[in-house]
Amino acid sequence: MATPPGPRLPALAQALRYVRDPLGFLIGLQRRHGDVFSVSFPFFGRVVYVASPELVKEVFTGSPAIFHAGEANATVLEPALGPNSVLTLDDEPHMRQRKLLLPPFHGERIRRYGELIREITLREMESWPVGEPFALRPHTQRITLTVILRAVFGIEDEARVTRAETLVDEFSKRVDRITRYPMLRRNLGRFAPWAQFQRARAALDEFIYEEIDLRRSDEAAAEREDVLSLLLRARHDDGSSMGDEELRDELLTVVGAGHETTATALAWAMERLLRNPSVLRRLRESIAAGEDDYLDATIKETLRARPVILDVARKLAGPATVGGYALERGAFVMPAIAALHYREDLFPDPDEFRPERFLEGATENYAWIPFGGGVRRCIGAAFAEYEMRVVLRAILERAELRAPDPKPEKVKVRNITLAPGKGCRVSLSRPLR
Ligand code: HEM
């Protein structure tokens, strides 16, 4: 059976090229081979990438019974997120979870968290040293994690927020290795990565179950606005409510999918802004004038030029034809987010950081896809964009930041995200306003 064109190097060599320069790797393959190409990776075999709006639309709107995202995601994420996670399920069970999770993250609803997000940002900024270079990403990560713990979990007690932060940090550290190297997912002794991961997961689980109990027994449960309380009040189509294990898996999914991604996108926004002074100037002016349009366009341009997730996966649950190629059951098909975002015909001068392109007219459908698409489109997309807007506004209003090294930071694979190589090094030119 014919396979789409692609490099013929051994799988390991291709994986190394991917890790060394993930953006350049995908962009280069699209420029060389066109709309559909294939790459061999260790563990996954030969995967098929699609990199045109037409083909991406075919995949995103193809039958969810054939284009399984859950099965594809589970290869990497199942041990961390559990069997009920919206990310790792398919078909009816997936839609069952997705239906309950969507409403709490709806655009209108999340605006209620604006004040909270701003407060958390300003508080975190107090810890920034003046005149001394530091990496911004750990700080944006602290902000996005605290936002999830307070807005999604609804934790109010300071000490419990701190405890949760420690548990999530430990869990993320342990999860990284076992998602990256599936061969470590077995019992190799008490101090081996798998055992360390299981201990971290058990400690975090215990904490999450305590929170679920606390929220269930809260007398004011009916009035609470945190996502956990909303989920406790939600009902499936058959009238049943979510059980503790279902809630645990979804809460962990939101932590896993929601905090590093948004933190990294925020770090990239500042990294790009500090290297494009005219954009930064225009953005400051528009913020001072109380406008949101240019800020929104800057966020969109950041997610175009530095998509936090390089590609998304679908595993075929039956045969399908994609881009004229007949593919067998079990094949991986991947919309190549980064490659689309750098197509000259879709985004002229793609190497330029130019938010104006998002103000000048509509972008072609299925061309800008940092949040994936179809029935699997990111549930937190509106939340992430809104959070980025509030955090960036607070930072730009109060802080005068500069980049100690004007060279663009390299794109580095971090967990499953693409992060700035040095974590976005900045320094405060003067005390906060
Ligand atoms: C800039 C930040 C973010 C980026 C770039 C991002 C990106 C993505 C991408 C690419 C997918 C896969 C879509 C697909 O397979 O087609 C996804 C799925 C998902 N994301 Fe996000 N995400 C972000 C923030 C968030 C936040 C803040 C939350 C939660 C509050 C969240 C929750 C989810 C969930 C639950 C899914 C699974 C959806 C499903 O399979 O039905 N994400 N995200």
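Tabulated data for the structure shown
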| quantity | calculated |
| --- | --- |
| Percent of beta bridges antiparallel (DSSP, the chain, rounded to nearest 5) | 80 |
| Most positive-pole-ward Cα, 408, 365, 388, against dipole of region 359-422 from beta carbon charges | 408 |
| Portion, in percent, of the accessible area of the chain that falls on carbon or sulfur, probe 1.4 Å | 53 |
| Cα-centred dipole magnitude for the chain, charges only on beta-carbon of K, R (+1) and D, E (-1), debye, nearest 20 | 1660 |
| Leading residue at positive end of dipole, the chain (Cβ point charges), from 22, 299, 399 | 22 |
| Spin-label model distance (nm) - residue 166 vs residue 223, 7 Å beyond Cα toward Cβ | 3.3 |
| Segment residue 405-residue 234, length gained on full extension (0.36 nm per residue, minus Cα span) | 56.6 nm |
| Rough spin-label spacing in nm, given labels placed 7 Å along Cα→Cβ, for residue 210 and residue 325 | 5.0 |
| Förster radius 25 Å - calculated FRET efficiency between residue 159 and residue 115 (Cβ-Cβ, nearest 0.05) | 0.65 |
| Pairwise centroid distance, computed over Cα atoms, of region 93-146 with region 264-296, Å | 18 |
| Value of relative contact order over the chain, rounded to a whole percent, pairs C-alpha under 8 Å and six or more apart | 26 |
| Dipole of region 185-309, positive end: most advanced residue of 234, 255, 279 [Cβ charges, Cα centre] | 279 |
| Sites residue 102 and residue 363 - FRET efficiency at Förster radius 22 Å, r taken between beta-carbons, to 0.05 | 0.40 |
| Neighbour net charge for residue 3 - beta-carbon separation under 13 angstrom, K R +1, D E -1 | +1 |
| Gain in span if fully extended, residue 244 to residue 415, counting 0.36 nm per residue against the direct Cα distance | 58.8 nm |
| Å² of accessible area per residue within the chain, as computed with a 1.4 Å probe and no ligands counted | 44 |
| Distance histogram for the chain (every C-alpha pair counted, 20 angstrom bins, percent rounded to whole numbers) | 25, 59, 17, 0 |
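The values are calculated or read from the model by the stated rules, or taken from the named source; none is laboratory data. Because the structure is a prediction, the values reported are computed rather than measured. Neighbour counts run over all protein chains shown; Cβ positions are idealised from the backbone, glycine included. The protein model used for the area step is the full one, side chains on, heavy atoms only, and it has no ligands, DNA or RNA in it. Shrake-Rupley method; radii C 1.70, N 1.55, O 1.52, S 1.80 Å.
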